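I have placed the structure first, in the form of structure tokens, so that the comments after it can refer back to it.
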Amino acid sequence: MKVLEERRSRRTTDTGATVAAGYPDSFWRSLLYFNIYRLLTALVLLGGVLYGDSAFQLGTHDRELFIEVAVLYLLFGMACIAALRTRWRFNVQIAVQVVLDIVFLTVLIYASRGVSSGLGLLLLTTLAGAGLISRGRLALFFAALASIAVLLEHGYEVLTLQESVSQFIQVGFLAIGYFATALVAQTLAQLTRQNEEIAAQRASDVANLSEVNRLVIQDMPDGVLVVDGDGVVRQVNTQAEVFLGALGARNGSDNLPLAEYAPTLAARLASWREGTSDAYAHAGHSASMDDRYGLRFVPVGPQPGADTVIFLEDLTRVREQAQQMKLAAIGRLTANIAHEIRNPLGSISHAAQLLNEEPETSPGTRRLLRIIYDNTQRLNRMVNDVLGLNRGQSALLETIGVEAFVRQFVAEFTETEQAESRIFVVRADGNLQMQFDRTHLNQVLWNLCRNALRHCRGRAGSVQILAQRVRGRRAVKLDVIDDGPGVPPSVRGGLFEPFVTSAPGGTGLGLYIARELCAANGAELEYVESTIGAQFTLTCRAVT
């Protein structure tokens, strides 16, 4: 809101500067109409004296002077209209014009034998127009000038033409009318100016609000479409175009029927409109378009045929958020349980080792102790995997020689897992180097090779570890391939999800943690469909 206030004050300042430096078009347009009125008045007066009879009382005192002044007044009106094109000094132009109006009309009054001709009323219109156009500026000055002019004119007539002194009362009332007209025009002008300021302020507020609404709608994670009663898309945000495609790309126009843009969505909208009752007109309606999107229809107004706002919600994102919440809850629960299990598990493992070292222990007892020890180790690995879910996986990247690392890893793995070394075959391009955390890479390969060893046929070369550079990219690809039955299609969708496993006694955390470790190192781990066995590909950054 603070930003909006700053914009509002800046916009008001800019508007004020504009009015001070050069008046807006509305002022000049009003002055143009005022000059047209002056021109028509001059034409009527000139026509009245030339073609009218004596009943009009025009030029009764000095007809030639009246005609000459009327012609000059007509030319003056034309000159004023021509001067408007220069847009030069609005206040100066209107002041000069009103002063000369008073002069011309006063002379015409004199030529028509005073105020009794009724021409003094023309100054009322001139003063009213000048006060409104100039927004009340100098309105009282013009009224005073007109009053002095008619008083002097009648005083001159009394002295030279022996006019009646009693007509000073009529002249006085006329002067009062001038001031009253000027005050009314000034008041109306002030009200007009205040209303313009309020309208400008409201326009600024509406513009700011519209901009805020536009930004909010554009940045919404949901898609938003506005469809009118005829089914034409009037507005669409960026996210909706991500879901449905670019609107303008369909026919080069923004006014595209929804039936052409998204037929399925149009059918859902038509079905909703047919079933909407008056009591339900203000309520939103939820539906679904397919497995990916959820729909919500909200009418803009209660009247039939009103615009409808359609909200498109990405159900995949909702499911992912629900999954993350589920994982967070499970992680907190299992972490607490794992901490409680670790101490007694260590005690059991240590006790089994001590019993195994006793000389009197029989072979049968040693076999049972071995089973106890192996299961405690399996449970310990499970506890470590569970605790690894809640720890942030920060990577310490280092340059690793791929071939040397993989061969050393295979030797360590076969010794620890008591597997035959002939099962593993390593093929790597020479001088390949990659960026990875050494501990993380060891854990990822250990998990992949343990799965491959479990499912392979156990023959020579059943598990292949291939390392090669990715063509066209600065990347290294590590493939772990086995000759087993492969991953069933029913399991592939949740292959990297936690706590999902098809192996007896498995935790379902190995591949999930492996992918998380790869992501922490800026790498990708994915399952590649193969005709024989299973293939997992690790793609990471290469060192030039």
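None of the figures in this text is laboratory data; all of them are computed from the coordinates on show. Everything numeric in this text was worked out from a predicted model, so none of it was measured. Quick reminder, even Gly has a Cβ in these numbers, built from the backbone with ideal geometry, and neighbours come from all protein chains shown.
Over all directions, average the projected area of the Cα convex hull of region 398-541 and note it in nm².
That works out to 8.5 nm², a quarter of the Cα hull's surface.
Test of understanding: what is the full-extension gain from residue 520 to residue 366, defined as 0.36 nm times their sequence separation minus their Cα-Cα distance?
Once the chain is fully extended between residue 520 and residue 366, it gains 51.2 nm.
Taking 0.36 nm per residue of separation and subtracting the Cα-Cα distance, what length does fully extending residue 144 through residue 438 add? Before the final figure, lay out the partial values.
On the way: separation 294, 0.36 × 294 = 105.84 nm, distance 9.72 nm.
Length gained between residue 144 and residue 438: 96.1 nm.
Could I have the simple spin-label model distance between residue 350 and residue 474, label points 7 Å from Cα toward Cβ, reported in nm to one decimal?
That separation, rounded to one decimal, is 5.1 nm.
Relative to the present Cα-Cα distance, how much length would full extension add between residue 531 and residue 68 at 0.36 nm per residue of separation?
Gain in length upon complete extension: 155.7 nm.
Under the rule of at least 5 residues apart or a separate chain, name every residue whose amide H is placed under 5 Å from the amide H of residue 428.
Here 467 satisfy the definition.
What list of ³J(HN,Hα) values in whole Hz, one per residue of region 236-246 in order, does the Karplus curve 6.51 cos²θ - 1.76 cosθ + 1.60 (θ = phi - 60°) give from phi, with Gly and Pro shown as x?
Result, ordered by residue: 8, 8, 5, 5, 5, 5, 5, 6, 10, x, 5 Hz.
How do 37, 373 rank when sorted from fewest to most other Cβ atoms within 10 Å of their own Cβ?
Working: 37 14, 373 18.
So the residues, fewest neighbours to most, are 37, 373.
If the convex hull of the alpha-carbon atoms of region 431-500 is projected onto planes in all directions, what is the mean projected area in square nanometres?
Quarter of the Cα hull surface area: 6.6 nm².
At R0 = 41 Å, how high is the FRET efficiency between residue 210 and residue 79 if r is their beta carbon distance? Nearest 0.05 is fine.
Numbers: r = 45 Å, r/R0 = 1.10.
The value I calculate is 0.35.
Would you calculate the separation in nanometres between label points at residue 426 and residue 200, each defined as 7 Å from the Cα along the Cα-to-beta-carbon direction?
According to this spin-label approximation, the distance is 7.9 nm.
Please work out the Cα convex hull volume for region 124-211 and give it in Å³ per residue. Spell out each step's value before the answer.
Details: hull volume 5.8 nm³, N = 88.
Given the Cα convex hull of region 124-211, per-residue volume reads 66 Å³.
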